[in-house]
1. Using heavy-atom solvent-accessible surface (probe 1.4 Å) with all chains present, what is the largest-first order of Lys149, Lys282, Lys181?
2. So how exposed is Asp134, as accessible area in Å² (1.4 Å probe, rounded to 10)?
3. What's the extension gain from Gln146 to Asn393 if we count 0.36 nm per residue and subtract their Cα-Cα distance?
4. Simple spin-label model, 7 Å along Cα-to-Cβ: Thr409 to Ala67 in nm?
5. Work out the length of the dipole vector of the range 148-196 about its Cα centre, built from +1 on the beta-carbon of each Lys and Arg and -1 on the beta-carbon of each Asp and Glu, and round it to the nearest 20 debye.
6. Tell me, what is the per residue accessible area of the range 172-246 in Å², probe radius 1.4 Å?
7. Dipole of the range 190-240, Cα-centred, from +1 at each Lys and Arg C-beta and -1 at each Asp and Glu C-beta, to the nearest 20 debye?
8. With the cut-off at 32 Å, tell me which of the pairs Lys110/Lys173; Lys119/Lys395; Lys249/Lys419 have Cα atoms farther apart than that.
Amino acid sequence: MVLEGLAGSLRETLRKISRSSFIDRETIKEVAKDVQRALLKADVNVRLVMELSSTLERRANEEKPPAGMTEQDYLVKIVYEELLNILGEDSRLTLKEQTIMLVGLYGQGKTTSAGKLAKFFHRKGLSVGLIAADIHRPGAYDQLEQLAKKLNVPFYGEKGQKNPVKIIKSGLKEMSDLKVKIIDTSGRDSLNNELLEEIKEIKSAFNPDEVLLVIDATVGQQAGPQARTMNETVGITGVVLTKMDGTGKGGGALSAVSDIHAPVYFIGTGEHPDDLEIFNSKKFLSRLLGLGDLETLLEAFKETNITEEEAEESMNKLMSGKFNLKDMYEIWEKFAQPGIIRKMFDSLPLAKMPGGNKIDPNAIESAQDKLNNYRIIMDSMTYYELENPDDINAKRIARISRGSGRPETDIRGLLREFKAMKGNLKAMKGNRGFKKMMRSQIRSGNFGLDQIERMDQ
Ligand code: GDP
Ligand code: MG
């Protein structure tokens, strides 16, 4: 995982809070000091850290927890909110027709990220092409061309051409029927004028929709000055923070780039084209703190306008172990927005569950897409089948297939996924405290650390 050291010490702080029998000034001071130490060790800027710890201390001393919330939980909430504050606002790269220009120094991961982004858009169903406008580094053309071949996306480049504006102009023309055009540009060893002039010229010639700064997280706080200069030169619209897999300084890099108020869209977590994560500060922080991304889950519940009772009833069903296809259907119906199931799975720290399988994110995504299809299939099942999915044999599958107009493979897929889901729910059920935690999340809209701790065991 990214930032293991920071995660470890912050979690220890949270544990300390939940273990303390009461919260007094002394405890608060200690917590502020612990957070301070953890952040400084993760290379976060000293000024930011000092600001954060003094705000934290002040808030914790002044504010009273709302009714129904313990002092301990409230202190955790303050720590969470203040940490979130230094990560900055979230924003997503939109899935529309656009031109994206990548900028950054040598070796930061521009070309690799160009490939990762191409794969990202391709997977989202948008046609995408790669343009090689790094005229400076020998081999840059070949590197991108090979990547494009591997990913099976269109490529444009002109070997030997020394004017990037010319290359891009022809490239954009040739790719005019593609939705997303990604331009890989030159870097330099340092932020010299030649580089800044070059990217400025490209930017003013084409005015791309996005100018993404690709920056290596291992530089830590040093990401700050780089980001500022680039921002002043070409106006950075978003950041891709690479090599988050190999550094304890990611905290420093993240907080430093938040300074230019351009969102961190993605983090790179490896050399492979799949090693790209959409950055979501709440999710990131919840994972860091071991809170299992409860924010996302709570938001998902809030979006649906489901009453507490309904949510609890559904939860009970899910957790009962006697869960069948009919229940799944009912829950989907009730929750109306199929996304909630995905969000729910997404938000659970499955990896930590004893015997829990980690669900492949691609599987979740495609499961969501298939949801409507599944409803149609289930409409063609009898009550008996919905209640006894294990009894659905080949003959029944053939009938359901005819009735729903869906191929038999889809029906088998549904049954397979249902089984996997049930297996996962069973694994969660075996986890003491999980159900209690889920309920209390739904009810209170906040997290209870003692329950989360139990899950950690
Ligand atoms: P560029 O000069 O900015 O185009 O950088 P490259 O894309 O050529 O990347 C430089 C090196 O960093 C290559 O060896 C990449 O494989 C590696 N790299 C890029 N992104 C990541 C990442 O997220 N994690 C890791 N571990 N390596 C990365
Ligand atoms: Mg490159």
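The values are calculated or read from the model by the stated rules, or taken from the named source; none is laboratory data. Keep in mind that this is a model prediction, so the values were computed, not measured. All Cβ positions, glycine included, derive from the backbone under ideal geometry; neighbour counts span all protein chains shown. Each accessible area value is taken on the protein alone, full model and side chains, heavy atoms only, with ligands, DNA and RNA left out. Shrake-Rupley method; radii C 1.70, N 1.55, O 1.52, S 1.80 Å.
1. Working: Lys149 150, Lys282 70, Lys181 20 Å².
Most to least solvent-accessible, the answer reads Lys149, Lys282, Lys181.
2. 20 Å²
3. Details: separation 247, 0.36 × 247 = 88.92 nm, distance 4.70 nm.
Extra length from Gln146 to Asn393 when fully extended: 84.2 nm.
4. Placing both labels 7 Å along Cα→Cβ, they lie 5.8 nm apart.
5. On the way: 10 positive and 6 negative charges, 33 e Å.
Taking the Cα centre of the range 148-196 as origin, the dipole is about 160 debye.
6. Counting only protein heavy atoms, the per-residue value for the range 172-246 is 41 Å².
7. On the way: 3 positive and 8 negative charges, 34 e Å.
I would put it at about 160 debye.
8. Details: Lys110/Lys173 22 Å; Lys119/Lys395 40 Å; Lys249/Lys419 41 Å.
Distance filter (> 32 Å) returns Lys119/Lys395; Lys249/Lys419.
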